[in-house]
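Take a look at the structure set out below.
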Amino acid sequence: MFGSMMEFRKNKNRIIGIILIVINIYWLWHNLQLTYLYYYSSVLFLTMLSDWLLTLNIVFSLIGILVAIKVLRKKIDLKKGKVINLLLWLLEGVAYFFSA
């Protein structure tokens, strides 16, 4: 029991870093897919996100991936990396709220 807990504490940066990378890669893929569907397909949308919001989301997701890689390599503290990612997601939510 204690051995597995010690291993978790030892690998906490690796686990959280990988989770943050996966979330930010999904966020990047989703926004790139929306950009493609908006301009290069014949799909009609009832509402569309603006170009600046899609660009902002792509930039924020790339920053989030870079921060997660730094957390993974232990160049940034785990707490600081989580705060930066949460701040990016919060800013994206605020921008989405005020864009409508």
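The values are calculated or read from the model by the stated rules, or taken from the named source; none is laboratory data. Every value quoted in this text rests on a predicted model; they were computed, and no experiment measured them. As a convention, Cβ positions derive from the backbone with ideal geometry for all residues, glycine included, and neighbour counts pool all protein chains shown. Calculation scope for accessible area: heavy atoms of the full protein, side chains included, ligands and nucleic acids excluded. Shrake-Rupley method; radii C 1.70, N 1.55, O 1.52, S 1.80 Å.
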Explain nothing, just the number: relative contact order of region 1-82, from Cα pairs under 8 Å at least 6 residues apart, as a whole percent. 45 percent
What does the charge dipole of the chain about its Cα centre add up to, to the nearest 20 debye, if the Cβ of each Lys and Arg holds +1 and the Cβ of each Asp and Glu holds -1? 780 debye
Taking protein heavy atoms only, a 1.4 Å probe, and rounding to whole percent, the accessible area of region 16-96 owed to carbon and sulfur comes out at 72 percent
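Hey, can you find the accessible area per residue of the chain for me, probe 1.4 Å, expressed in square angstrom? Before the final figure, lay out each step's value.
Values: 7480 Å² over 100 residues.
Spelled out: the 1.4 Å probe surface of the chain, per residue, equals 75 Å².
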Round to the nearest 10 and give me the degree value, 0 to 90, for the angle of helix 78-99's Cα axis relative to the longest principal axis of the chain. 20 degrees
Expressed to two decimals, the chain has a Cα Rg over Rh, using the Kirkwood radius, of 1.12
